[in-house]
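Q: Mind having a look at this structure? Questions to follow.
Where a number appears in this text, it was derived from the coordinates with a stated rule and is not lab data. All values reported here derive from a predicted model rather than from experimental measurement. So basically every Cβ, Gly included, is an ideal-geometry build from the backbone, and we count neighbours across all protein chains shown.
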Amino acid sequence: MNKKIAVLFGFITFIASGCLQKDQNITPKPKGYFRLAVPEHQYRKFDTLPPFTFEYAATAEATLEPKNDNYWITIHYPQLNASLNMTYMPVKHSLRELMIEQEKFIEFHISQGKADDVEFSLVQDSLLFGKIYNLKGKEVATPMQFWLSDSVHNWLRASLYFNFVPNNDSLQPIIDFLHEDILHLINTFQWK
């Protein structure tokens, strides 16, 4: 019985000495985010049914869903839990109306207070023109959007999405990585 009391007393003393140390400074740790490793930039060609081709990230998965004359293309980045959703449609009525509709998507982000700023750049060569939008803000759902056209027959719009609630402050390295991939896609884009 004395042996059990001695062991119990030793155990209590051990626990109490750990709790009573005064030279230990306990400070709360700041909220942090895990580091995401990004793959090397390597590309492969997308050349199927739609009337265009482009190169996209080799680590991504492309799916194509025909809808009458339209096509829905998703470039999914499983490692980054993101996707580039693209919609192709032939220009049947007014190219101007399609451009105005795209501007409304951008204005919605600003009016809802999600986008702090929108930077845009133009795409223009002899067979392709369009506009690229970089939306800045901590809670922007689509940090990058673009549209491309041949100005007569074809229209393609695309938006980058993350498959979770974004916190773009911590996602900025991933957004920058995907921005480079999307610019490569645009630079290699060709109408057939």
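Q: Summing +1 for each Lys or Arg and -1 for each Asp or Glu, what net charge is found among the other residues whose Cβ lies under 15 Å from the Cβ of Ala58?
A: Numbers: positive: Arg44, Lys45; negative: Glu40, Asp47, Glu55, Glu61, Glu180, Asp181.
Computed value for this residue: -4.
Q: Same structure, new question: What dipole magnitude, in Debye to the nearest 20, does region 62-191 give about its Cα centre under +1 on Lys/Arg Cβ and -1 on Asp/Glu Cβ?
A: On the way: 9 positive and 16 negative charges, 59 e Å.
For region 62-191, the charge dipole is close to 280 debye.
Q: Just the projected area, averaged over all directions, of the convex hull on the alpha carbon atoms of region 62-191: how many nm²? Display every interim value, and only then the final one.
A: On the way: hull surface 32.0 nm².
Averaging across all directions leaves 8.0 nm² for the Cα convex hull.
Q: Still on this structure: Treat the count of other C-beta atoms within 10 Å as a stand-in for reagent exposure and order Ile175, Ile186, Ile5 from fewest to most.
A: Working: Ile175 21, Ile186 18, Ile5 9.
Listed from fewest to most nearby Cβ atoms, that is Ile5, Ile186, Ile175.
Q: Could you grab the relative contact order for region 62-191? Cα pairs under 8 Å, six or more apart, rounded to a whole percent. Write out the running numbers ahead of the final one.
A: Numbers: 210 pairs, mean separation 28.2, N = 130.
Relative contact order comes out at 22 percent.
Q: If you don't mind, there's one more thing I want to ask. Rank these for me by crowding, Tyr56, Tyr161, going from fewest to most other beta carbons within 10 Å. Walk me through the numbers on the way to the answer.
A: Working: Tyr56 21, Tyr161 17.
The fewest-first ordering by Cβ neighbours comes to Tyr161, Tyr56.
Q: Excluding Gln124 itself, calculate the net charge of residues whose Cβ lies under 13 Å from the Cβ of Gln124, where each Lys or Arg counts +1 and each Asp or Glu counts -1.
A: Details: positive: Lys131; negative: Asp125, Asp150.
Within the 13 Å Cβ shell, the charges total -1.
Q: Just want the ordering: Ser121, Ser83, Ser94, from fewest to most Cβ atoms lying within 10 Å of their own Cβ. Write out the running numbers ahead of the final one.
A: Values: Ser121 13, Ser83 20, Ser94 9.
Fewest to most other Cβ atoms nearby, the residues stand as Ser94, Ser121, Ser83.
Q: Name the residue farthest towards the positive end of the dipole of region 62-191 from the options Pro143, Trp72, Asn85, assuming +1 on Cβ of Lys and Arg, -1 on Cβ of Asp and Glu, about the Cα centre.
A: Of the candidates, Trp72 comes out farthest on the positive side.
Q: Let me ask you something else. Within 10 Å, Cβ to Cβ, of His41, how many net charges do the neighbouring residues add up to if Lys/Arg are +1 and Asp/Glu are -1? Present the calculation step by step, with values, prior to reporting the outcome.
A: Working: positive: none; negative: Glu40, Glu180, Asp181.
Local net charge: -3.
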